[in-house]
Amino acid sequence: MTLRIAVLASGRGSNLQAILDAVAAGTLDAMVAGVWSDRGDAGALFRARDAGLPAQLVRPRDHADRRAHDAALFASIDAAAPDLIVCAGYMRLICAEAVEPRQGRMINIHPSLLPAFKGLHTHRQALEAGVDEHGASVHFVTADLDGGPVIAQARVPVRAGDDETALAQRVLAREHPLLLETLRWIAAGRVRLEAGTVRVDGRTGAAPLQLAANQRFA
Ligand code: GAR
């Protein structure tokens, strides 16, 4: 069954574009039901409109508080009846009232090897910590910021002389295939959240899936 995806994004939308390109190329059995953003200048909204998709701006300042903003945002998303909500560079905290009813149906891509380097400026955090390996994670969203069960990760080396920009580019290049491969597994019914843990091919308790160099899960 073709997976109906709602995408939430605050920024340039390169992860969204990777999804749109894979759907168009027939390499991901999914359709994008719409794109939602908290920022009118988000590149993701322009990409959605270019692709002829519904693009919805739900501005925080038009709502009394975070709870009211999330209520309006998710009411709009629910109206599109997605199977899965993908946070692809959505930079606002989502309140527990909005997350909890959607657990197992909402994922996020985060630019670090979680549980390391939650929150913002993850590449700076990695450089300051002096790690020799960094990367990206896709996880189910829970009320715990960047703390939900990790589904899959992609690893990159940290090289001598790296600055934040160089490291961010190396990670982003792996984010796109990581997100796509995770979506393929979810679309195929191979990955789900059960009793708060990730279940892969019927097994629980395994380490997160790892994206191999040939861009398939090892
Ligand atoms: C990506 O690097 C994504 O991992 C990150 O924002 C970027 C969005 O890029 N997300 C977070 O930091 C969430 N905490 P994009 O707009 O080009 O897809």
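The values are calculated or read from the model by the stated rules, or taken from the named source; none is laboratory data. Fair warning: this is a prediction, and the values are worked out from it, not measured in the lab. Cβ placement follows ideal geometry from the backbone for every residue including glycine, while neighbour counts extend to all protein chains displayed. Side chains included, ligands, DNA and RNA excluded: accessible areas come from the protein's heavy atoms. Shrake-Rupley method; radii C 1.70, N 1.55, O 1.52, S 1.80 Å.
Against the list (1) within 16 Å of the ligand (Cβ to nearest atom); (2) in contact (Cβ under 8 Å) with a residue 12 or more places away in the chain, the condition Q169 fails is (2).
Taken over segment 105-154, the criterion of being assigned to a loop (DSSP other than H, G, I, E, B), more than 10 Å from the ligand (Cβ to nearest atom) and under 11 Å from the mean Cα position of the chain (by Cα) is satisfied by V141 alone.
Pick out the one residue from A218, A143, A188, A206 that is open to solvent by 20 Å² or more (accessible area, probe 1.4 Å) and under 21 Å from M31 (Cα atoms).
Of A218, A143, A188, A206, the one residue that is open to solvent by 20 Å² or more (accessible area, probe 1.4 Å) and under 21 Å from M31 (Cα atoms) is A188.
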